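The values are calculated or read from the model by the stated rules, or taken from the named source; none is laboratory data. If you're wondering where the values come from, they're calculated on a predicted model, not measured in any experiment. For neighbour counting, all protein chains shown are included, and Cβ atoms are generated from backbone atoms with ideal geometry for every residue, glycine included.
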Amino acid sequence: MLGTDARLRAALRRLDLRIVHRLEGLLHGEHLGLRLGPGSEAAEARLYQPGEDDVRLMDWAVTARTDVPHVRDLVADRELESWTLLDLSPGMDFGTGLHTKRQVAVGAMVAANLLTQRVGDRFGAHFLHQGTVRRWPARSGKEALLSLLATVAAAPTGDAPHPAGATLADAVTDLVRTRRRRGLRVVVSDFLDDPAGEGGSPGWERPLRQLSSRHQVLVVEVVDPRELDVPDIGSVTLRDPRTGAVRDIRLTARVSERYRRAAHAQRQAIRAALRRCGVHHLVLRTDRDWVLDTARFVIHQRRTAHHLARHTPGTPR
């Protein structure tokens with residue numbers, strides 16, 4: 001037990017160094033308010049907009065130095081409650097790149113919690129595992145994050161198929177139903193296991209829309225290169241991790257091309273559904289540096305948020 005705990009602490013420290021230090025000053029220690037009303041913590045100064053800005057927020061020091069009226073924005077100073085839905089279904093154990101999809105998904109969960117933590121903030125998790133939705137209570141601090149990582153590490157891999165078990169749509173619905181307080185929601189999955197719902201849309205689309213209507217939602221889609229393209233290597237035996245069905249297939253150049261087209265259409269449909277849900281969408285691949293891709297995504301999101309805040313009158317902060 002002590003050896004396992006030491007390994008988890010070392011893994012968490014490596015993730016902390018790789019993620020937080022690479023993004024120092026970009027996101028850690030700041031999050032936008034989730035409710036209307038000004039904040040109480042000073043942010044950067046900007047030009048005063050007559051008729052739009054409150055003169056009580058005037059930054060007289062900057063105004064005196066520049067001879068141009070400036071106001072000081074305020075950042076919402078409220079506790080953030082974040083919940084992560086982590087897909088640990090059998091398909092997430094697959095991986096032909098540097099990591100398995102499950103390893104990348106766990107890293108994404110830890111990264112989201114590391115990057116949004118402040119004193120008093122709490123984070124919890126729901127797991128889709130072995131055909132059921134399991135819940136981990138909301139807590140705060142590095143020790144709680146270590147406990148969460150230990151819980152995920154103890155979850156068995158390569159479990160038996162559960163064709164009649166809970167789907168991703170069921171897991172998102174459970175998150176909507178049980179976590180009502182406004183906050184950040186992170187959904188990490190490959191989005192491949194759900195049957196189509198009404199009108200041919202993914203089964204998870206409707207509950208994800210409900211989730212995004214009340215919360216800030218980040219969706220992390222985990223992809224393996226073999227899910228996008230397969231080589232024409234002849235006869236192979238394939239197994240569906242969800243149902244356990246086994247099928248022999250001959251991979252010819254023609255079959256590989258049809259597979260590429262179908263996989264491309266599938267990913268396009270997933271992206272379109274996520275756009276309709278109005279969520280932030282991050283794609284992480286098992287054959288790439290997922291920490292670097294996460295860093296680029298966060299930088300882009302921060303720049304976009306600052307741009308919108310500057311150019312949208314009356315935007316709550």
Handout entry: Residue satisfying condition, being at pLDDT 90 or above and over 15 Å from LYS101 (Cβ atoms), within set GLU205, GLU227, GLU198
Key = GLU205
Practice task
Find the residue count for region 87-103, including only residues that are charged (D, E, K, R) and more than 10 Å from VAL222 (Cβ to Cβ).
Solution key: 1
Practice task
Run down LEU115, LEU128, LEU149 and say which single residue is at pLDDT 90 or above, out of contact with any Phe, Trp or Tyr (no Cβ under 6 Å at 6 or more places or on another chain) and either farther than 26 Å from ALA245 by Cβ or outside any helix (DSSP H, G or I) (or both).
Solution key: LEU128
Handout entry: Cross-chain or 6+ apart pairs with Cβ under 7 Å, region 137-153 first and in contact (Cβ under 8 Å) with a residue 60 or more places away in the chain, then of a type in the set (Lys, Arg)
Key = LEU146/ARG9
Fill in the blank from the handout: By residue number, the members of region 215-237 that are hydrophobic (A, V, I, L, M, F, W, C) and either under 17 Å from ASP87 (Cβ atoms) or surrounded by 12 or more Cβ atoms within 10 Å (Cβ to Cβ) (or both) are VAL217, LEU218, VAL219, VAL220, VAL222, VAL223, LEU228, VAL230, VAL236
Problem - Residue check for ARG102: assigned to a strand (DSSP E or B), in contact with a helix residue (DSSP H, G or I) (Cβ under 9 Å, 6 or more places away or on another chain) and either among the charged types (D, E, K, R) or crowded, with 22+ Cβ neighbours inside 10 Å (or both) - result: no
Handout entry: Residue that is more than 17 Å from the chain's Cα centre (by Cα), in a strand (DSSP E or B) and modelled with pLDDT of 85 or more, where the choices are ARG134, ARG185, ARG181, ARG177
Key = ARG134
